[in-house]
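S.K.: Below you'll find the structure I mean.
No value in this document is a laboratory result; all are computed from the given coordinates. Since we're looking at a predicted model, the values are computed, not measured. Cβ placement follows ideal geometry from the backbone for every residue including glycine, while neighbour counts extend to all protein chains displayed.
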Amino acid sequence: MSELALSALAGAKATGLVTIEDMGLCGMVTLRADLAASAGAVEQVTGAAMPGPRAMTTGQGVQVAWMSPDELLILCDHAGADAMVAALSQALAGQHHLAVNVSDARAVLRVTGGAGALRDTLAKITPADLAALPVQEMRRTRLQQVAGAIWFVTDTEARVICFRSVARYVFDLLAMSARDGGAVGYH
Amino acid sequence: MSTRLATGGRLIDRSRTVSFTFNGKRLRGHPGDTLASALLAAGQVIVGRSFKYHRPRGVMASGAEDPNALVNLGAGNRHEPNQRATTTALFDGLVATSQNHWPSLNWDIGEVNALVPRLLPAGFYYKTFIHPRPFWKHVFEPIIRQSAGLGRAPDPRHADPDRYEHFYAHTDLVIAGGGIAGLAAALQAGRAGLRVILCEQTAHWGGRAPVDGVEIDGLPAGEWVNDAVEQLEKMENVHLRLNCMIAGVYDHGYVIAYERVADDSPGGDAPRHRLWRIRSAQVIAATGALERPLSFPGNDKPGVMLAAAVRDYVVNYGVAPGARTVIVTNNDDAYRTALALDDAGLAVPCIVDARPEANGPLVQAARARGLRVLTGMGICNVKGLRGVVAVQLCAQSGSGAVVEDVICDAVAMSGGWSPVVHLWSHCGGKLTWDEAGAFFRPDPMRPPTNQSGAGFVSCAGAADGALWAGETLENAGLITRRVLESFGSSTDHPMPVARAAAEAPMLPVWMMPEEAGPKKRAKMWLDFQNDVKVSDVQLAAREGYESVEHTKRYTTIGMATDQGKLSNINGLAILAKALDEDIPRVGTTTFRPPYTPISMGAIAGEARGPIFQPLRRTPMHDWHEANGAHWEPVGHWRRPYCFPKQGESHRDAVNREIAATRASLGVLDASTLGKIIVKGPDAGRFIDMLYTNLMSNLKPGKCRYGLMCSENGFLMDDGVVARLDDDTFLVHTTTGGADRIHAHMEDWLQCEWWDWQVYTANVTEQWAQIAVVGPKARAVLEKLGSDVDLSAEALPFMGWAEGRIGGFDARVFRISFSGELSFEVAVPASQGRAFWDKIQEVGAEFGATPYGTEALHVMRAEKGFIMIGDETDGTVIPQDLGLDWAISKKKDDYLGKRAQERAHMTDPARWKLVGLETLDGSVLPDGSYALAEGVNANGQRNTQGRVTSTYFSPTLGRGIAMGLVLHGPDRMGEVLDFNTTKPAPKGGAAPTIKARIVSPVFFDPEGTKQNV
Amino acid sequence: MLTLTCPYCGIAACETELAPGGEAHLKRFGPGSSDDDFEGYLFLRPNVKGVHFERWRHAMGCGKWFLAARCTATLEVFGTYSAQTPEPTAEIIAAIRAKRPDWSLT
């Protein structure tokens, strides 16, 4: 029934100082394991190297994000998430781990704009130091009243990820923060 | 009378005019004016009334410290009270009205309060609150309610149409104040490579220096300021912000700044205010100093102003506060006002100097111009009712015998200056008394400290007590160098050098004249907004108030919206003298943030309207909304309470939903239930610690209901556990429990049993869960087409299976919270809406009826199932609820087991769960108590139980309830009296409702309906 | 508003990203323990003015619990460290002593 599958925001888009778009359905797998002991298996399945703290690495159509000392979030094709879980479970057979498809538990937003406007807009909803956040490093943080994560894909494009149930809240927060009259000019 | 001068005004644009209204009168001003300067230019000397005596009040200052010029600003839904005219930028279309007067500003009936001040002495409220009680209620309270209060509260029906936002910033150094000290500090820090945020609360850089004739590096201060700002704007590491006040400094370098973005352009797209939430390693408070009033009789009359404010209005705005201005001072700085007035061609009849001698360069300059300087003199009376017409002079040293009358229409007073040490003090910085300047300044040995234990706030320039412009920059340079050193940075660039006329020492003057009698002291105002006079503070001291904090609250000195910016030092000097103590021993009150009031909107930020709180939506949320759901908030979730049809009441809708479910088919969105995966070799052992019952022996493919308790023994959550495979469990929690229980699990795994091999993952939102409930539940799923065998044999009650149903990837759990045949079907959240639609479509022939939380609650109560939050309230243990069957006797340990062994927990007198049936079939009131004989020590009726859940059961056609009752399970059939909220009839007892103790399972006790 | 550095992910987190968890290094007393021991474990806290060991969770972040040594009077932070330790580590004790020479772990 994947043809009937819907992302939480169903393609929502807003434009202002920056542009905010629903990324649609994204594949996501949570892996909890002893990361040092799992590096080989993870690389074998994803093609990506084991990331260091807060970092993200890239494989074939797959990104691996460090979430905590014993947790990764693997970003992949939505349709391929179950297969990813199966492949990880097979590669880690005999080793204590938990791999689970969480694709539908979250929403992913793309935020694009000038480097300064992009960080200024995000700085209205998170206490994280965005000037100090390098490209391809995931910052798990607070998006005003909910938990979420931010990373910069490039200097002018960011991803915001949050739980599915609050996707509309986070989208509305960003859309409000990006309204044209609210330029700050700080970053 | 005040007026606009023909020329001058460095901050206004005379080529353009803007119009505004004050009390309905159309007035004009210029861009660059503040509302205060425009009002003065229009000759509006009286701008408000004081709080207690309703005395006429005029503009006294030119900045944030002004206590008097508070107005209602804006109209309709933009109306806001207590806005300071001195800090309000004038804009076209501004609407202001004066406050606290009736019937008019110029003639106020409340002014009679001033004629009877003996009825309203210091501590008036405390004294009259006590006795006589009836006198307070019938006499004082009505009068006070009529006359007290400042401004008019906004109409609650008017929502604020503007938007607000927060902004988080991280930096090395925040500099508060864009005067010459702040600018110079920013230049040095910027050159040293620090990331700097420089904030100035007004709309202009430069502070006082351009008005005061300071020269910096050979340039007039104004030109130097322009150059400095130009240089700073070029520095990428320096961020400049005007109209942005550092409101507070908090622990670990947390700084709040209040930016007024669009106050002067209402209706645009910009946020009106922005609250900056800054983390800064260091803070430099270059916040300057505030001038103090002098305490002479009549010092509160409109037309009496601070001396520096007078020259601000002349130089900055081309406004003359008066045509003939008497200067009264104890220092040299006020002579600058005399010179500025003289420069503008305005008359200065005399300069009254309380010091026995005055010979500084500024004094000499005044004398050289032929201005009359009277030393050793003071003012003993100000003549005029609604303005100044003359002052009477006396010797400062005596009791106030009149020496001379001087005709004038304004008085410029200066009692010296106090450094603005607020930001230093907000986070615990201590002060030291400066004898020479008669002010408190930062004690460099006791700064506010950060997370490393090091000082992180420094005052620079006048704020550090370096009041004289010549030394301000030198001080700022020293302070900045120390701050740079804390970063291991420095700059070789020299600090600018300021030149200003030298000043002779000031003389502390706390009362004028020095030996004034009681009558005169009752006319010397300390706090102009709250009407606190020298006599009030002296009375407080006589009545035993020795602490400055107590005196503040007793007299209300410093409690006005200006928070004592003008009254603080004068008040505590009077108190110290009355107590015969040194000022530093009496100490000062605590400076607390914000520096000046900030808007509620800025504090709330974007959190209003649809994004006031995160509203959690299930994948079927839009369907519910489109189908008329009446919502119930459950935590941040919104769940449908019921789905009323056109014209249907909520109760009728609930009854219909229950009837349809029990008769045929109901469908519930159960997606909000928490779902947590627990996996690992030690998962069974861990689950056994979490639950009171034994879970580890659960077979894969099976479900079991379980109870979770806190370590304190109390029931905290319940739900069904499904065993997915040998080392994986799926834990279902309550809707509100998912995050809490996941955190609880992680707490024990990370902090207590970290050697156990268990991983958890909260997958609540990965799944949409739909309960398909009722006699036709199996039929509808089979009609959908399923590769899972849904028969009672293959999938019995409390079993689960995985497969495809109607083409959807599904997990099916045979669990029931209604007592009906029930399948809870979980599909990936992205497919939830499609599956829900499919069920409605295929279920139509069975009358598929979506039901909400209320039907869910009633059906579970009919079955006697407990609900966390109804039957439990944080003081209830499973044993209270007759759930002993769910408490394992085999386990050595589980969370809460030890606590449940305590004497109080095993007390047989604990109230226990029973069902309750009213004799007349009515519904017991929620929260009702079962009455017992007698009364307790407080005279309240004794009780022997309480109602925990109560509903009308449409299935049974009567009220049903559950409750906790003393020895309840042993008293089946007994009838108890329950109280109601209905009042007792005259002479009679309050009505009660009789209910019989019965089993809590009201419907299908054998479970024949669910086990099919 | 505190800033504490999470020892697991290295983020200097704002207090609004953290959840407090009370005193650290409590020894659990379960079934079989005396009433006094159980009371001490569950309820009695010294509530010190000064050096305090406490639990925090990086709730709006990596989700890990960690421990902090902090002065409750000045809010000075001596360090943060792993939650998987039954007592203050030698490193954290040394860090405290460096700032509070008179302090000792009682």
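S.K.: For chain A, with the dipole built from +1 on Lys and Arg beta-carbon atoms and -1 on Asp and Glu ones, taken about the Cα centre, which of A:A48, A:P127, A:A10 lies farthest toward the positive end?
M.R.: The listed residue farthest towards the positive side: A:P127.
S.K.: Once you wrap a convex hull around the alpha carbon atoms of chain B, what is its projected area averaged over all directions, in nm²?
M.R.: 50.6
S.K.: Please list, by residue number, every one of the GluC sites (Glu not before Pro) in the stretch B:764-798 that is coil in DSSP and has at most 11 other beta-carbon atoms within 10 Å.
M.R.: B:E793
S.K.: Going through the cross-link list B:K679/C:K27; B:K675/B:K890; C:K64/C:K99; B:K577/C:K49; B:K776/B:K891; B:K577/C:K99, which pairs have a Cα-Cα distance over 30 Å in this structure?
M.R.: The pairs that break the limit, which is 30 Å between Cα atoms, are B:K577/C:K49; B:K776/B:K891; B:K577/C:K99.
S.K.: For chain B, give me every cysteine whose Cβ has no other Cys Cβ within less than 4.7 Å, ordered by residue number.
M.R.: Cysteines lacking a close Cβ partner in chain B: B:C350, B:C408, B:C427, B:C459, B:C642, B:C703, B:C709, B:C751.
S.K.: Next question, about the same structure. Separation between the B:D652 and B:T3 pseudo-spin-labels, each 7 Å from Cα along Cα→Cβ, expressed in nm?
M.R.: So the label points at B:D652 and B:T3 sit 7.7 nm apart.
S.K.: Positive end of the charge dipole of the protein assembly as shown (Lys, Arg +1 and Asp, Glu -1 on Cβ, about the Cα centre): tell me which of B:A309, B:S599, B:G178 has its Cα farthest that way.
M.R.: B:A309
S.K.: Something else now. Rounded to the nearest 0.05, what FRET efficiency do C:W103 and B:D443 have when you use their Cβ-Cβ distance and R0 = 22 Å?
M.R.: E(calc), rounded to 0.05, equals 0.30.
S.K.: Something else about it: Starting from the Cα gyration tensor of the stretch B:900-1012, take the square roots of the eigenvalues, sort them a ≥ b ≥ c, and report rounded, prolate or oblate (rounded when a/c is under 1.5, otherwise prolate if a/b is larger than b/c, else oblate). Before the final figure, lay out the partial values.
M.R.: On the way: a/c = 2.67, a/b = 1.24, b/c = 2.16.
Oblate shape, in that a/c is at least 1.5 and b/c is the bigger or equal ratio.
S.K.: Where Lys and Arg each count +1 and Asp and Glu each count -1, what net charge lies around B:D726 among other residues with Cβ under 14 Å from its Cβ?
M.R.: Values: positive: B:K679, B:R685, B:K699, B:K702, B:R723; negative: B:D682, B:D725, B:D727.
Local net charge: +2.
S.K.: Okay, moving on. Using all C-alpha to C-alpha distances in chain A, build P(r) with 5 Å bins and read off the rounded percent in each one.
M.R.: Bins of 5 Å from zero give 1, 8, 17, 20, 18, 15, 11, 6, 3, 1, 0, 0 percent of pairs.
S.K.: Given charges of +1 on the Cβ of Lys and Arg and -1 on the Cβ of Asp and Glu, with all other atoms neutral, how large is the dipole of the stretch B:900-1012 about its Cα centre, in debye to the nearest 20? Before the final figure, lay out the partial values.
M.R.: Working: 12 positive and 11 negative charges, 63 e Å.
It comes to approximately 300 debye.
S.K.: Another question about this same structure. Quick one: if the Förster radius is 51 Å, what FRET efficiency do B:A75 and C:A73 give, using the C-beta to C-beta distance and rounding to 0.05? Before the final figure, lay out each step's value.
M.R.: On the way: r = 50 Å, r/R0 = 0.98.
Once the sixth-power term is evaluated, E becomes 0.55.
S.K.: Shifting gears a bit: Could you give the dipole magnitude of chain A about its Cα centre, charging the beta-carbon of Lys and Arg +1 and that of Asp and Glu -1, in debye to the nearest 20?
M.R.: Working: 14 positive and 17 negative charges, 95 e Å.
The calculated dipole for chain A is roughly 460 debye.
S.K.: Quick one: net charge around B:S399, please, counting Lys, Arg +1 and Asp, Glu -1 for every other residue with C-beta under 9 Å from its C-beta. Don't jump to the answer; show the numbers that get you there.
M.R.: Details: positive: B:K520; negative: B:E514, B:E515.
So the environment of B:S399 carries a net charge of -1.
S.K.: Something else about it: Rounded to the nearest 20 Debye, what is the dipole magnitude of chain B about its Cα centre when Lys and Arg each give +1 and Asp and Glu each give -1 at the C-beta?
M.R.: Working: 104 positive and 114 negative charges, 546 e Å.
Approximately 2620 debye in magnitude.
S.K.: In nm, to one decimal, how far is the modelled label at A:A183 from the one at B:A794, with both set 7 Å along Cα→Cβ?
M.R.: Roughly 6.5 nm, to one decimal.
S.K.: Additional query: In the stretch B:557-655, which trypsin sites (Lys or Arg not before Pro) are in a loop and have at most 16 other Cβ atoms within 10 Å, using DSSP for the loop call? Kindly include the intermediate steps, with their values, before the conclusion.
M.R.: Numbers: sites: B:K565, B:K577, B:R585, B:R608, B:R616, B:R617, B:R638, B:K645, B:R651; in loops: B:K565, B:R608, B:R617, B:K645.
For trypsin sites (Lys or Arg not before Pro) across the stretch B:557-655 that sit outside H, G, I, E and B with at most 16 neighbouring Cβ atoms in 10 Å, the list reads B:R608, B:K645.
S.K.: With a cap of 16 neighbouring Cβ atoms within 10 Å, and only residues DSSP puts in a loop, list the GluC sites (Glu not before Pro) found in the stretch B:232-266.
M.R.: Those that pass, being in a loop and sparsely packed, are B:E236.
S.K.: Divide the volume of the convex hull of the Cα atoms of the stretch B:509-581 by its number of residues and quote the answer in cubic angstrom per residue.
M.R.: 78
S.K.: Moving on to the next point. Which of B:F528, B:H30, B:P610 sits closest to the plus end of the dipole of the protein assembly as shown, meaning its Cα is farthest towards the positive end, when Lys and Arg get +1 and Asp and Glu get -1 on the C-beta?
M.R.: Farthest towards the positive end: B:F528.
S.K.: For the protein assembly as shown, what log10 I(q)/I(0) values come out of the Debye formula at q = 0.05, 0.07 1/Å, with one point per alpha carbon and no solvent?
M.R.: With no solvent term, the Cα-only Debye profile gives -0.48, -0.88.
S.K.: Leaving out same-chain residues fewer than 8 places away, which lysines sit with a Cα under 21 Å from that of B:K52?
M.R.: Within the straight-line cut-off, B:K52 pairs with B:K127, B:K137, B:K301, B:K519, B:K520, B:K523, B:K533, B:K552, B:K565.
S.K.: Calculate one ³J(HN,Hα) per residue across the stretch B:670-680 by plugging θ = phi - 60° into the Karplus curve 6.51 cos²θ - 1.76 cosθ + 1.60, and present them in order as whole Hz with x for glycine and proline.
M.R.: Once θ is set to phi - 60°, the couplings for the stretch B:670-680 become 9, 4, 6, 4, x, 9, 10, 8, 10, 9, x Hz.
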